[in-house]
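Participant: If you scroll down you'll find the structure; I have some questions about it.
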Amino acid sequence: MEREPSPADSIAALEATRELNAERLQRPKRYWTMLACMLSIYALMPYTRSWPAWMQYAAPLAALFVIFAVSAWKQPSAVRKIRLSGAMTLQLIGFALSGGILVGLSGALYAEHGLWWLPAVAAVLVFALVSAGGRAMDSSWARRASRGGN
């Protein structure tokens, strides 16, 4: 005779399914590392101001291509599209603004005061912000989507 599952068993199975879905919805870790490397290049662009104009445009594009080629050696697993809700949109806007302000401020201070170390520090901070903050934001979005709060 088959036993009916208890409500506690059903709730435990539902929670296990939600956790598994949240893990599957997250992007691979190399995605955030690749994006962090790409955005850090923009923090280093003040160093190219003395270069010829064509190299100022070509060097970042070549670096972006190299980063993409190295990161794309294995295609990422399929990730469900997550529709942005109000709170998620605010997280994304705050994330983008903080990185943009950091890069812009460091570039302006480098140009105005010649603080040679500032773009390099900004690049490291942008890398840390995008790689750590992106993973945290992605897992938050995945948990919200797995709960049906998308």
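Bear in mind that the values in this text are calculations on the coordinates, not laboratory data. Just so it is clear, the structure is predicted and the values come from calculations on it, not from any experiment. All Cβ positions, even for glycine, are placed from backbone atoms using ideal geometry, and neighbour counts span all protein chains on display.
Participant: Calculated FRET efficiency, Ile93 and Asp9, Cβ-Cβ r, R0 35 Å, to nearest 0.05?
Facilitator: Approximately 0.25, to the nearest 0.05.
Participant: What order do you get for 57-64, 31-38 when each peptide is scored by the mean count of other beta carbon atoms within 10 Å, highest first?
Facilitator: With the highest mean Cβ count within 10 Å placed first, the list reads 31-38, 57-64.
Participant: A further question follows. What is the Å³ per residue value for the convex hull set by the Cα atoms of the stretch 29-147?
Facilitator: Residue-normalised Cα hull volume stands at 110 Å³.
Participant: I've got another one for you. Give me a comma-separated list of calculated 3J(HN,Hα) values for the stretch 109-122, in order, Karplus coefficients 6.51, -1.76, 1.60 applied at θ = phi - 60°, integers in Hz, x for any Gly or Pro.
Facilitator: Using θ = phi - 60°, the values come out as 5, 5, 5, 7, 10, x, 6, 4, 7, 5, x, 5, 5, 4 Hz.
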